[in-house]
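The structure under discussion appears below in the form of structure tokens.
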Amino acid sequence: MFLHPKAVMMKSSLIRLALLAGLTLPVVSAFAQKKPLDHSVYDSWKSVRSSTLSQDGKWLSYVVAPQEGDVVAYVKAVDGSKTWDIPRGTAPQFSADGKFLVTLVAPKFEDARKARRERALPADAPKSNLLILNLATGEKKEVDRVVSFELAPDNGNVLIYTLEPPKPIRPAGGTTTPGTRPPPPAGRGAGGDEDEEDQRRGAGAGAGQRPAGAGQGARPGGAGAPAASFGSTVVVRNLSTGKEDQIMFVGSSRLSKDGTVYLYIRTGREATEDGVYAYSTATGTRRGIQVGKAKYNRLTWHEESKAFAWATDKDTPKAAKSSWTIYRATPDSKPVALVSDSSEGMPKGFVIPDTGAFSFSKKGSRLLFSTGPKPVVDKPDTTPDDEKVSVDIWHYKDPQIQAAQLLAGAAGRVRNFQAFVPSSGGKVRVLGTELYPNVTIQKEGEGDWAIGSTARPYEVESTWDPGYTDTYLINVGSGATSKIREKAQGATIFSEDGQFVIYYDEATKQLISHRIRDGAKKDLTKAIPYPIYDEETDTPTFPNLIGFAGWTKGGEWLLLYDAYDVWALDPAGVKKSINLTAENGRIRKIRFRLTTTDPEAEAIDLSKPLLLSGLNLDTKASGMYSLDVKDRNPSMLIGGNRLYTFGAKAKKADVVTYTRQTFVEYPDVWVSDMSFKDGKKMSEANPQQKGYNWGTAELVT
């Protein structure tokens, strides 16, 4: 506890006067009823984690976790009518319609610690369970031994969960045999003959299975290979009806946002039934999209077009090792081969690598993937172990120091470059090169231009002066390039409409707009009369840009910050810049920053009020502000001598969460509407704090 020197002198004087007068001071009574805070109670202090609102804003969940021990998940009606606590609930989530809460329930802390100390086998260690809570009735359903779960973001009925493999059966003789899989849950949907066959031959298939989504369906080498190759058992549950369907031997998988389609790669004992499947959660039927003895991996999904893609070696000749073909399909269409090592446009000697994700562009018109020269496989070392010598060879002109080379290992020798192919099929376009290996295509992969960058010319220099790059502008159609930055430091971005490249030069402290169609450049820094870089940088480097706030719809304005305010700049440098907060921040010494209430928003809508956070840099008071761009006068919604932090907004309701804190007040969860009036405190993480002596805080200049 900090006391001002004057306070100490005054207190000492009062004590001396009291002693001289023979008075008994009641100074002890203020603290006698409270306990001193010491290390013996530190572990009982708790924190609040994972606060979540239901989409309709009617329910709140959060987890209270001690420093050591079992966590507790709380579920509360925002109106205060209902409350549940779930011991050891670790990952609470609400269904999209706000009717159910689903969470994993971890094993007891002491049981898990005991298993670790006794070095128990993974199969014998305590496992998590799944709990489903009906928020209307309070009914709870618990499922034993669950690895993970997934709720459909836009469908309140669909829940997918992955079961732990059954425990191995250990006979008295000491040998271990896999346990028998349990039968499918009663009332499962129409699964077809596949489930029946899986049950007949599935004994022990999951003894070491991986959770869904763990990766490719690798084939075991032969008899006695570990059962870890045979995927996981996944259950599809309709939350409203309770009806369940079990799918076995699931490798990687994807669930659509609307919950209607569950895609998965099957990797079972019978290789002839492996493949990519689409499961309808409405009918319980499944369709084999591509089936046959092969490897399948890297399943990816595009929500808008309902297209998905995966890699397989199904069509690879036996002589060609590590050769992949990427296919595309929809749940109702036949697979189409999009790209392979021999596709038009693939450079000679280039292959699709064994690893590396691929994805669809924003609208699904392109499939983005990586490609590069076929890796050189080291020849087997036949030298006897007693004759082997380990030698590291280095040279003073190496671009990387020896420690970095050793750390990178084989991965450092792999060269893969950005490429794409039209989703409907066609010529492959490889954009990355040795000159600029890092490539980003504008408009989330849909654009006509890309930025390529490289730091390789400066690898030696980066050991003492890091951050330099060369940047190139790439015409996606023709492949033509032009260098727009050389040995530069600072961020480079595309404008929202794709007409400009904006970059900040840390050395010159300039924000430059580069118009793509003619290469015209404008110094946007001149449009703001104040520095847009961190004036208080105290390291031997160039100061960083304070920060971009985002783009408005259509890319009309670029929003960025100075030390206090929010500015709107015309990327063309024609229209006069606008201080959206009208220098209120600078005048009042408040640092204003935009707060995002919709994580899915692609641009900032200036026609609607903006939510700002504000911190007074002199008094350290903070708060939340509303800004109408028309009057440009931020109005405080809530604030004071506390730190206020915005949490989240309900997706479909005018309900938000936030925290407030001081040295004395813990940042518990509060709920209010967007006006921040009549906020309600929803959590009480540390009620025991009232029983302990506590310090105070004061502002010192």
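Would you mind finding the one in Gly275, Gly288 that is within 26 Å of Phe360 (Cα to Cα), touching a Phe, Trp or Tyr at 6+ places or on another chain (Cβ under 8 Å), modelled with pLDDT of 95 or more and open to solvent by 20 Å² or more (accessible area, probe 1.4 Å)? Don't jump to the end; show me each part of the working.
Working: Gly275 fails: open to solvent by 20 Å² or more (accessible area, probe 1.4 Å).
None of the other options fit; the residue is Gly288.
Return the pairs, sorted by first residue and then second, in which the second residue is open to solvent by 40 Å² or more (accessible area, probe 1.4 Å) and assigned to a loop (DSSP other than H, G, I, E, B), the first residue lies in the stretch 656-682 and is under 26 Å from Trp694 (Cβ atoms) and acidic (Asp, Glu), the beta carbons are less than 8 Å apart, and the residues are 6+ apart or on different chains.
Correct list of pairs: Glu665/Arg642; Asp668/Glu684.
Among the numbered conditions (1) touching a strand residue (DSSP E or B) at 6+ places or on another chain (Cβ under 7 Å); (2) open to solvent by 20 Å² or more (accessible area, probe 1.4 Å); (3) farther than 14 Å from Ile160 by Cβ; (4) at pLDDT below 95, tell me where Gly268 comes up short.
Condition not satisfied by Gly268: (2).
In contact (Cβ under 8 Å) with a residue 60 or more places away in the chain and surrounded by 12 or more Cβ atoms within 10 Å (Cβ to Cβ), is that true of Pro373?
On the way: in contact (Cβ under 8 Å) with a residue 60 or more places away in the chain: no; surrounded by 12 or more Cβ atoms within 10 Å (Cβ to Cβ): yes.
The answer is no for Pro373.
Output yes when any residue across the stretch 348-366 is more than 26 Å from Leu299 (Cα to Cα) and surrounded by 10 or more Cβ atoms within 10 Å (Cβ to Cβ), and no when none is.
The answer is no, given that none of the residues of the stretch 348-366 is more than 26 Å from Leu299 (Cα to Cα) and surrounded by 10 or more Cβ atoms within 10 Å (Cβ to Cβ).
Here is a check on your reading of the model: is Thr645 of a type in the set (Ser, Thr, Tyr), over 29 Å from the mean Cα position of the chain (by Cα) and closer than 27 Å to Tyr564 by Cβ?
Here the answer is no, as Thr645 does not meet what is asked.
Of the numbered conditions (1) modelled with pLDDT of 95 or more; (2) surrounded by fewer than 15 Cβ atoms within 10 Å (Cβ to Cβ), Lys608 satisfies every one except a single condition; which is it?
All conditions pass for Lys608, except number (1).
Select from the stretch 330-380 the residues that are part of a loop (DSSP other than H, G, I, E, B) and aliphatic (A, V, I, L, M) and list them in ascending order.
Of everything in the stretch 330-380, those that are part of a loop (DSSP other than H, G, I, E, B) and aliphatic (A, V, I, L, M) turn out to be Met346, Ile352, Ala357, Val376, Val377.
Just the residues that are in a loop (DSSP other than H, G, I, E, B), over 29 Å from the mean Cα position of the chain (by Cα) and within 21 Å of Phe676 (Cα to Cα), please, taken from the stretch 608-630.
Lys620, Ala621, Asp628, Val629 - these are the residues of the stretch 608-630 that are in a loop (DSSP other than H, G, I, E, B), over 29 Å from the mean Cα position of the chain (by Cα) and within 21 Å of Phe676 (Cα to Cα).
Report, by residue number, each residue of the stretch 562-588 that is of a type outside the set (Val, Ile, Thr) and farther than 17 Å from Ser513 by Cβ.
Within the stretch 562-588, Asp562, Ala563, Tyr564, Asp565, Asn579, Leu580, Ala582, Glu583, Asn584, Gly585, Arg586, Arg588 meet the criteria.
Would you check which residues across the stretch 78-118 are open to solvent by less than 20 Å² (accessible area, probe 1.4 Å) and at positive phi and list them?
Within the stretch 78-118, Gly98 is the sole residue that qualifies.
Considering only the stretch 496-540, state which residues are in a loop (DSSP other than H, G, I, E, B), touching a residue at least 60 places away in the same chain (Cβ under 8 Å) and touching a Phe, Trp or Tyr at 6+ places or on another chain (Cβ under 7 Å). Let's see the steps before the verdict.
Looking only at the stretch 496-540, we keep the residues that are in a loop (DSSP other than H, G, I, E, B), and these are 496-499, 506-509, 516-520, 528-532, 534-540.
Restricting the remaining residues to those that are touching a residue at least 60 places away in the same chain (Cβ under 8 Å) gives 496, 499, 516.
If the condition is that a residue be in a loop (DSSP other than H, G, I, E, B), touching a residue at least 60 places away in the same chain (Cβ under 8 Å) and touching a Phe, Trp or Tyr at 6+ places or on another chain (Cβ under 7 Å), then Glu496, Ile516 are the ones that fit.
Provide a single number: the residues in the stretch 565-584 that are in contact (Cβ under 8 Å) with a residue 40 or more places away in the chain and either in a loop (DSSP other than H, G, I, E, B) or among the small types (Gly, Ala, Ser) (or both).
The qualifying residues number 9.
Pairs needed: first member in the stretch 590-605, of a type in the set (Asp, Glu); second member anywhere, open to solvent by less than 30 Å² (accessible area, probe 1.4 Å); C-beta distance under 8 Å; at least 6 residues apart or different chains.
Here the result reads Asp605/Thr552, each pair linking the stretch 590-605 to a residue that is open to solvent by less than 30 Å² (accessible area, probe 1.4 Å).
Determine which single condition Glu434 fails, assuming it passes every other condition in (1) closer than 30 Å to Ser333 by Cβ; (2) open to solvent by 40 Å² or more (accessible area, probe 1.4 Å); (3) free of Cβ contacts under 8 Å to residues at least 40 places away in the same chain.
(1)
Residues that are within 27 Å of the chain's Cα centre (by Cα): find the strands (runs of 3 or more DSSP E) completely inside the stretch 244-314 holding 2 or more of those.
It comes to 244-255, 261-266, 275-280, 296-302, 307-312.
Scanning for something open to solvent by less than 20 Å² (accessible area, probe 1.4 Å) and under 29 Å from Glu600 (Cα atoms), does the stretch 314-324 turn up at least one residue?
no
Can you go through Arg642, Arg593, Arg586 and tell me which one is on the phi < 0 side of the Ramachandran plot and in contact with a Phe, Trp or Tyr (Cβ under 6 Å, 6 or more places away or on another chain)?
Among Arg642, Arg593, Arg586, only Arg586 is on the phi < 0 side of the Ramachandran plot and in contact with a Phe, Trp or Tyr (Cβ under 6 Å, 6 or more places away or on another chain).
For Thr662, indicate whether it is of a type in the set (Ser, Thr, Tyr), surrounded by 14 or more Cβ atoms within 10 Å (Cβ to Cβ) and in contact with a strand residue (DSSP E or B) (Cβ under 9 Å, 6 or more places away or on another chain).
No.
The values are calculated or read from the model by the stated rules, or taken from the named source; none is laboratory data. Just so it is clear, the structure is predicted and the values come from calculations on it, not from any experiment. Positions of Cβ are backbone-derived with ideal geometry, glycine not excepted, and every protein chain shown enters the neighbour counts. Note: areas computed on protein heavy atoms with side chains; ligands, DNA, RNA excluded. Shrake-Rupley method; radii C 1.70, N 1.55, O 1.52, S 1.80 Å.
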